Amino acid sequence: MAELRGKRIDDRRLAAMKNLSSLQVLHLHNTVITDAGFALLAQAVNLCELAISSQFITDQSMEVLCTLPR
């Protein structure tokens, strides 16, 4: 499980996480991740649980999140 909180968590820090494909649980709270960062989550093919509280989620972000297999 990964829980990332705060304004210091951005696209660059999300991209630096190794093994997104093996991640099963991810909680993102009050981050500054944008569409580009949410697009990286497409690599998280084993993600079973995702919790997000962010003001930066757009329709484009939701399109990516809806393609996650689980």
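Taken together, the values in this text are just the output of simple stated rules run on the coordinates, not laboratory data. Because the structure is predicted, anything quoted here is derived from the model rather than measured. Cβ: placed from backbone, ideal geometry, glycine included. Neighbour counts: every protein chain shown.
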**Fill in**
For the stretch 46-57, in residue order, the Karplus 3J(HN,Hα) values (coefficients 6.51, -1.76, 1.60; θ = phi - 60°; whole Hz; Gly and Pro = x) are 9, 5, 9, 9, 9, 10, 10, 10, 8, 8, 9, 6
**Asked** Charges only on Cβ, +1 for Lys and Arg, -1 for Asp and Glu: so what's the dipole of the chain about the Cα centre, in debye to the nearest 20?
**Response** 320 debye
**Request:** Amide H neighbours of residue 52 under 5 Å, at least 5 residues apart or on other chains, H built in the peptide plane: list them.
**Result:** 28
**Prompt:** So what's the projected area for the chain, the Cα convex hull averaged over all directions, in nm²?
**Reply:** 3.8 nm²
**Prompt:** Applying the Karplus parametrisation 6.51 cos²θ - 1.76 cosθ + 1.60 with θ = phi - 60° to the phi angles of the stretch 2-8, what ³J(HN,Hα) value in whole Hz is obtained for each residue in order, glycine and proline being reported as x?
**Reply:** 10, 10, 10, 9, x, 5, 7
**Among 19, 62, 52 - extreme Cα towards positive end, dipole of the chain, charges at beta-carbon** = 19
